[in-house]
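Every number in this text was worked out from the coordinates using simple rules, so none of it is lab data. All values reported here derive from a predicted model rather than from experimental measurement. So basically every Cβ, Gly included, is an ideal-geometry build from the backbone, and we count neighbours across all protein chains shown.
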Amino acid sequence: MSAQMVLSAIGLVLAALLLVWLSLVMAAAEGAVSRVTKSSLNNLILGLQTDGELSQFSRMKRIDKVHRVQSLIVDRHATTGSCAFFRVSCNILTGILASCLAALFALPLWANLLCGFVFAILVAMVSVMTRPRVSGARKPVDIMLRHVRAIGLAVRLTPFARSAREERGGKTGRFSDLSDDEELEKIQIEQGRAMVDQLVEAGAFDPEISEMLDNVLTLSSTLTREIMVPRTDMICIGQDTSLSSALKLFSRSGFSRVPVIGEDVDDLKGVLYLKDVVKIIAFEREAGSRTAGSLAREANLVPESKPVDDLFHSMQRSRHHLAVVVDEYGGVAGLVTIEDAIEQIVGELEDEHDRIQREEPQKIGPNVWKLPARTPIAVLEEIFEIDIDEDDVDTVYGLLTKLLGSVPIVGSSAVTRGLKLTAADAAGRRKKIATIIVEPAARSAEQGGQAEREDAAASQE
């Protein structure tokens with residue numbers, strides 16, 4: 001064998017080993033690109049700028065590497081596509097070089113092809129055993145900083161990766177609607193859900209636990225306006241209302257915190273707490289003459305676009321259990337409690353005082369019916385054989401709300417078409433009216449007059 005053949009063989013071997021190394025680097029970069037965040041790089045720059053042990057030259061050199069990584073993750077899909085292209089190309093070229101190396105020894109054609117195939121299989125086995133993508137996912141920043149030059153060269157040599165991504169984004173709109181960080185967050189959430197599903201299938205978790213974990217993953221994509229009590233269902237109290245009247249409202253509504261308003265709901269003055277009212281009434285003689293506005297605390301305001309996970313943590317830090325939700329124009333959109341956020345994880349919360357709403361109307365006396373709040377008006381018309389011409393409401397609860405002009409609480413009543421509707425009781429943590437008593441208005445008036453006569457006779461005795 002001549003010296004020229006030996007040098008050629010050594011060159012082919014070194015080139016093949018270099019391609020194998022480059023293939024493993026590109027595989028590790030594929031796993032790292034999708035997990036490097038902008039915030040981690042910004043924090044790294046701040047750490048380098050404040051590191052007193054580094055010389056100015058070393059500091060600027062490392063910061064320059066971080067800036068290069070930042071430019072690579074601006075378009076993650078293009079960077080990932082470039083790394084994948086070079087990884088596949090390197091694997092193909094290693095097989096070709098192995099075939100060329102076999103050809104130097106004047107082997108037959110089938111032997112050359114077999115050598116190339118076997119060497120490609122060995123490279124694949126090495127890639128599987130070393131798992132470069134796993135190492136890239138575990139230490140994404142370190143991998144990107146260590147191989148930033150090779151990754152940057154791969155991106156510059158594959159400009160078609162960027163153009164292909166832009167073409168897909170223009171057709172589907174998938175990439176144009178989401179920012180880079182939002183895409184990364186979406187990918188991580190999908191990966192988390194897949195991991196939870198795998199654990200459930202393996203029997204590691206109960207179905208209830210897996211549902212809670214899945215709910216946790218969706219907190220960041222759920223907005224406050226999706227879980228809040230809308231302003232139409234809010235129970236408020238006027239700022240000039242006496243504390244004795246406020247105490248009755250607390251008792252009838254079942255709430256311990258009520259917003260205090262002025263002329264309308266948007267004229268928010270604060271939030272009145274039941275414990276404050278009880279404390280004042282118990283220890284001050286003239287407390288009954290004080291108004292709700294004088295005792296209202298400052299309201300905690302949150303935007304309706306705030307993600308539920310941020311809402312939960314902010315309420316936890318500020319120790320507020322109730323917040324008033326405002327829209328983009330500054331108007332009151334509703335209110336939300338910390339229990340609403342918790343329910344997004346664990347499901348509906350109820351206590352021993354909550355009652356289960358009946359699903360069917362119940363006759364409780366002569367011509368007296370107890371109807372679920374969601375009973376259609378058509379059922380009410382059929383029971384009492386009357387015609388209630390209401391086009392803008394569909395349920396008995398909606399009819400009572402319209403007649404009152406406000407959200408009904410326990411004991412609220414109104415009369416229409418000769419029928420008296422009375423809110424009987426509330427159910428659920430939000431204390432929404434569960435059942436409504438419907439009876440003829442004349443019968444109710446007679447019972448009221450008889451009760452007054454009995455009270456008068458008892459007082460004379």
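Assorted remarks:
- Of the residues L243, T218, S253, the one whose Cα sits farthest towards the positive end of the charge dipole of region 197-285 is L243 (charges of +1 on Lys and Arg Cβ, -1 on Asp and Glu Cβ, taken about the Cα centre).
- q = 0.10, 0.15, 0.23 Å⁻¹: log10 I(q)/I(0) that the Debye formula gives for region 1-126, counting C-alpha atoms only: -0.51, -0.79, -1.21
- The amide H of A434, built 1.01 Å from its N in the peptide plane, has D425, A426, A427 as neighbours under 5 Å, considering only residues 5 or more places off or on other chains.
- Computed from the C-beta positions of E381 and E328, the FRET efficiency with R₀ = 35 Å rounds to 0.25.
- For peptides 72-84, 389-401, sequence by mean Cβ density within 10 Å, most packed first: 72-84, 389-401
- Checking the cross-link pairs K306/K402; K279/K306; K363/K402; K306/K432 against a 29 Å limit on the alpha carbon distance flags K306/K402; K279/K306 as lying beyond it.
- Extension gain for L199 to V6 (0.36 nm times residue separation, less C-alpha to C-alpha distance): 64.0 nm.
- Mean Cβ count within 10 Å, highest first, over the residues of peptides 51-59, 63-71: 63-71, 51-59
- Residue among S89, L101, S58 farthest towards the positive dipole end of region 3-172, charges placed on Cβ: S58
- Between F57 and D310, the distance separating the two model label sites (each 7 Å from Cα on the Cα→Cβ line) works out to 4.5 nm.
- Length available on full extension from S220 to S256: 0.36 nm per residue minus the Cα-Cα distance, which gives 10.1 nm.
- Between L104 and L157, the distance separating the two model label sites (each 7 Å from Cα on the Cα→Cβ line) works out to 2.2 nm.
- Potential lengthening of the chain between R138 and R374 amounts to 79.6 nm, from the contour at 0.36 nm per residue minus the alpha-carbon distance.
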